[in-house]
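Q: First the structure, which I've put down as structure tokens, then a few questions once you've had a look.
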Amino acid sequence: MLAPMARSLLVIAAVMLAGVPAVARAAPPPVIVIDPGHGGAADGAVGADGSKEKNVCLQIARRLRTHLEALGARVFLTREKDVDVHLSDRVAWANRRSPSLFISVHANSMPTRKLRERIMGIETYFLSASASGTEAAFTADRENAEGPSTSDGPHDDTLAFILADLQRAESHADSSRLAYAVHARLIEATQATDRGVQQAPFYVLNGLEAPAILVEVGYISHPVEGKRLSDKAYQEKLAQAIAAGVKDFLAQVGGRDAEKTATAPAP
Ligand SMILES: [Zn+2]
């Protein structure tokens, strides 16, 4: 038998020891990869005022980084400057950082003068084998233009690469959750035309080992919205909204993962 004093010390020690692994288990900061679309020789879409998608994407990505870091995330950009980065290199580079999530930032464009004057708004995409509509397919084709050509061998089997990716089922369901969370915040903050959460086969979302979305923050080809995309205050609004959506998403999946841990049977 231990003296009462020794017993209470043991209790304190047990409590402290129990506390140690709890601290060690504290969730590490989320790692987020932001992918500013295009760069270098690839301008992406060009606005009526001559503004280039590659520059708008990088500016918004930098602002987004600031807001995500404020949430405590570790943030990496697939390019920091105006340089060419191959689509498949972006994916491989991102995977090496084992990200919690991946966000590709783009601005959209319409092919004809009539459509350029009419179409504006925000779309948020996640990966799927088939596009959710003809305009989604058109957007994916345009964004995939820098991807492997059909002569590039094993990469040319579009369906195979997407099916391989869709096997990562949980990641795919979370990509959808992330897309809806970010999109809702974007529309709420900007009051832009809501062109919805959509799905399409994007090369830059394929093979990512994390929830991944591609945000078309607006139509650079539209005379009004295109100009707005270069406006610092508007870029800031977009960046804040995306960060708010990421925060909502992390709270959603964090709650779910905590529940899983809590209800898991004792070993
Ligand atoms: Zn783009």
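Bear in mind these aren't lab numbers, they're just calculated from the coordinates by the rules spelled out. Given the structure is predicted, the values throughout are model-derived calculations rather than measurements. FYI the Cβ positions are ideal-geometry reconstructions off the backbone, even for glycines, and counts take in every protein chain you see.
Q: Quick one: what does P(r) look like for segment 29-253 with 10 Å bins over all Cα pairs, in whole %?
A: 9, 37, 40, 13, 1
Q: Among Phe76, Phe126, rank each residue by its count of other Cβ atoms within 10 Å, from fewest to most, as a rough exposure measure. Walk me through the intermediate numbers first.
A: Working: Phe76 18, Phe126 24.
In order of increasing Cβ crowding within 10 Å: Phe76, Phe126.
Q: Calculate the length of the line joining the C-alpha centroid of segment 179-248 to that of segment 36-115, in whole Å.
A: With segment 179-248 and segment 36-115 each reduced to a Cα centre, they are spaced 11 Å.
Q: First select every other residue whose beta carbon is under 11 angstrom from the beta carbon of Glu80; then total the charges, Lys and Arg +1, Asp and Glu -1.
A: Numbers: positive: Arg62, Arg65, Arg79, Lys81; negative: Asp82.
Net of charged neighbours comes to +3.
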